[in-house]
Amino acid sequence: MSTVPAATSATKKNRPQVDLRVLRKDQLSPHMVRIVAGGEGFSDFADNGFVDRYVKIVFPQPGVQYPSPLDLWAIREAMPRGQWPFTRTYTLRWVDPEARELAIDFVVHGDEGLAGPWAARAEPGDTLTFTGPGGAYNPSPEADWYLFAGDEAALPAIAACIESLPAEATGLAFLEVGSAADIQSISAPAGLDITWLPRNGVPAGSSDLLVKAVADAQWPDGRVDVFAHGERGYMKALREVLFKQRGLERRQVSLSGYWAQGRVEDVFQAEKKLPVGQI
């Protein structure tokens, strides 16, 4: 699918550029790779205090000559949009300020996409450039229990949220993955019940497992705080469950479509700005 880099309202001030080096790579599951990065550029990283902190990873376009060192914001001021580097949005799995390292988990399906193949080929010493972080969610301390729902694209963010909870927290998590081999270990409070939902051959974005699991779940009593992120169609269906069926207030729910089946991110981000694409 032909596309041009997505337009953006971000600026150098609110999304500074950070240049890191790949330190190591871990194969978490058959379809997920973790890149741990750090180096001198870590000094430019400004943590925003949110557990869903995300960055926009920069991928220069092949065949386009860019000034060195690469400065995304200078490029966007001086070069036509069709020549801008592409960006892809990823949640930081964890940040270790003392070690001056951070981790990003990538879903990998062969040569599909842009970021996944890069992560699969990455080697120590490679450059990792991104802008950010952004983010807006922390688990509400006023909640009686927590509900997490998402597919593998949201797994890093959900895992980071779960691991930020206090030890006494309770709740439910529904995580859709490709197969049982993609299940990961998450350091969850004892009172948080995690249900894994393997698709077992059903294409990502085509299953009803996640929405049905949330709709059919027996919810605990009390006020819930919800973090539901993932494929756009899933999130539209969950909106019906959460707001119409369960009657939740908007402030109780963080709901976001991370991706759309059959759409690359640049097309998806453009569609999100249209009425038909808004959730």
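Derivation of every value follows stated rules applied to the coordinates shown; laboratory data play no part. The structure presented is a predicted model; accordingly, all values stated were derived computationally and were not measured. Here Cβ is always computed from backbone atoms with ideal geometry, including for glycine, and neighbour counts include all displayed protein chains.
Given the DSSP H assignment, sum -39500 (n - 2.57) over each helix run of at least 4 residues in the chain and divide by its residue total; what's the result at 222 nm in deg cm²/dmol, nearest 500?
Working: 6 runs with 47 residues, N = 279.
Here the helix-only value at 222 nm equals -4500 deg cm²/dmol.
Among DSSP bridges having both ends in the chain, what percentage is antiparallel? Round to the nearest 5.
Of the beta bridges lying entirely in the chain, close to 55 percent run antiparallel.
Per the Debye formula with a single identical scatterer at each Cα and no solvent contribution, what log10 I(q)/I(0) holds for the stretch 205-249 at q = 0.26, 0.34 Å⁻¹?
At q = 0.26, 0.34 Å⁻¹ the computed log10 ratios are -1.05, -1.48.
Would you mind calculating the relative contact order of the chain from Cα pairs under 8 angstrom and at least 6 residues apart, reporting the percent as a whole number?
Working: 532 pairs, mean separation 53.6, N = 279.
RCO, the chain: 19 percent.
Can you give me the C-alpha center-to-center distance between the stretch 116-188 and the stretch 48-113, rounded to a whole angstrom?
18
Take the cross-link list 56/236; 56/212; 12/56 and give me the ones stretching past 21 Å between alpha-carbons. The partial results should precede the final answer.
Details: 56/236 24 Å; 56/212 32 Å; 12/56 12 Å.
Beyond 21 Å between Cα atoms: 56/236; 56/212.
Roughly what would the spin-label model give for residue 24 and residue 121, points 7 Å off Cα along C-beta, in nm?
2.5
If you take the beta carbon distance between residue 66 and residue 216 as r and set R0 to 45 Å, what does 1/(1 + (r/R0)^6) give as a FRET efficiency, to the nearest 0.05?
Numbers: r = 51 Å, r/R0 = 1.13.
Step by step, r from the Cβ atoms, then E = 0.35.
Please arrange 19, 105, 47, 126 by how many other C-beta atoms lie within 10 Å of their C-beta, fewest to most. Walk me through the numbers on the way to the answer.
On the way: 19 19, 105 26, 47 12, 126 16.
With the fewest neighbours first, 19, 105, 47, 126 line up as 47, 126, 19, 105.
In the stretch 1-145, what is the volume of the convex hull around the alpha carbon atoms, normalised per residue and reported in Å³? Can you show the working numbers first?
Details: hull volume 22.0 nm³, N = 145.
Convex hull of Cα atoms, per residue: 152 Å³.
Within 10 Å of each residue's Cβ, count the other Cβ atoms and sort 31, 109 from fewest upward. Walk me through the numbers on the way to the answer.
Numbers: 31 19, 109 14.
So the residues, fewest neighbours to most, are 109, 31.
Using a Förster radius of 25 Å, what is the FRET efficiency between residue 200 and residue 244 based on their Cβ-Cβ separation? Nearest 0.05, please. Don't skip to the answer; put the middle values down first.
Values: r = 30 Å, r/R0 = 1.19.
After rounding to 0.05, the efficiency reads 0.25.
Local charge sum around residue 120 (other residues, Cβ-Cβ under 11 Å, Lys/Arg +1, Asp/Glu -1)?
Working: positive: 25, 121; negative: 111, 112, 123.
That sum, taken over residues with Cβ under 11 Å, equals -1.
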